[in-house]
Amino acid sequence: MATSVQVVVNKASLDRFQFALNEFRLATGISMRDGFIREAGFCCYEFMRYSPPMPKSGGQGLTGTAKRWGEEAVNVDIQTLFRPKDDPGAAFQKMGEAVSKGDLGGFLKWQGIAKASMRKGSNGWYKEKEGRDPRGIFQAILLGGNPQKDFQAFKNRFGASFAAKEAPKETTDIAGIHKQFKDRYNGRIHKNKGPALNGMKFLVDGPKLKAYIELRKKAVGFLKGGWANTLMSLPAPKKTDGVQYASTSKVPRWITRNMGSNGYSRFAGNEATGNFTLIIGNNQGDNDGRATSAKTLNHVLNVRANKLDKEVLRRLGPYIRAFNAKN
């Protein structure tokens, strides 16, 4: 989802950044044009570091930890909405729906699903052990073996709680429903407590749900990929000797695989006279505004100003010390 965002840069942050950039330019002898290109590239790099996903400590958005945070966010968001049909809890709810409707066939269908899941131990809630009887009324009903008796036992014990309760809905449209709720909650379903669904989740085919989650995990780094694209769009500098420029060579694959055409850069004005501006931007969607907020932009400028100061001191330090030693 593309977005158009305008931010106001803090004057103190901008002034300090411009001063540091000019000092660096004078220390290295590069042109104003190349100085702008260099800093635009490193700002793109910092935006990737400070845009989601990243650990709570911040500034580690290019690490494997950031990737894992993003993947877990995808997993949690999707599982806020969906539950595999062979999950015993889902089967329990569907058995209750069948009982409330007097549907013996439906009851037996979901009883069989829950029973198979129990024996596989697929959800870790119960594993049959040789020589030990299952504990609990629900488990006893699952292994009862008498359809009418099991139906009645479930109705007697649990039926009242399902009389006025809506059962979970089955669906095959995982992607469509996920998109619907992503749009509603600005891409952060779990963070906004999800749709609640009255405690219910949509029931879906388990393997298809797993495959969909893995597919969506591949989009982790989508926003950062826009900044990588911006970095790639920058024109080549005219002087490179002795000056390091940003590149995508150090950007992880999980980000560069999401590069598209949403990042951009362009010069405006007269480059020959130095009367120009270099504009960079990223039209890639931003779920919660953290990456395109004024706070983030000001922080990136301060980070770059600090790094420019250190680089100037590194380059001029020997000359300064030599001068001081003579005076």
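Using a cut-off of 18 Å between Cα atoms, the listed pairs Lys67/Lys310; Lys67/Lys179; Lys109/Lys208; Lys169/Lys191; Lys67/Lys218; Lys85/Lys109 include Lys67/Lys310; Lys67/Lys179; Lys109/Lys208; Lys169/Lys191 as exceeding that distance. When Asp241, Asp150 are arranged by Cβ crowding within 10 Å, least crowded first, meaning fewest neighbours, the order is Asp241, Asp150. The stretch between Ala140 and Ile279 holds 43.2 nm of extra length on full extension. This uses 0.36 nm per residue minus the Cα-Cα distance.
Find out how many positive minus negative residues lie around Ala246, taking Lys and Arg as positive, Asp and Glu as negative, among other residues whose Cβ is under 12 Å from that of Ala246. Can you show the working numbers first?
Working: positive: Arg38, Arg49, Lys250, Arg304, Lys307; negative: Glu39, Glu46.
Summing Lys/Arg as +1 and Asp/Glu as -1 gives +3.
Projected label points at Lys179 and Arg68, each 7 Å from Cα along the beta carbon direction, are separated by 3.3 nanometres.
Students often check this: by mean Cβ neighbours within 10 Å, which of 207-219, 72-84, 15-27 ranks highest, and how do the rest follow?
The most tightly packed comes first, giving 72-84, 15-27, 207-219.
Each value in this text was obtained by applying a stated rule to the coordinates, not by laboratory testing. Here the structure is a predicted model, which is why all the values come from computation and not from measurement. No Cβ is skipped: glycine too gets one built from the backbone with ideal geometry, and neighbour counts run over all protein chains shown.
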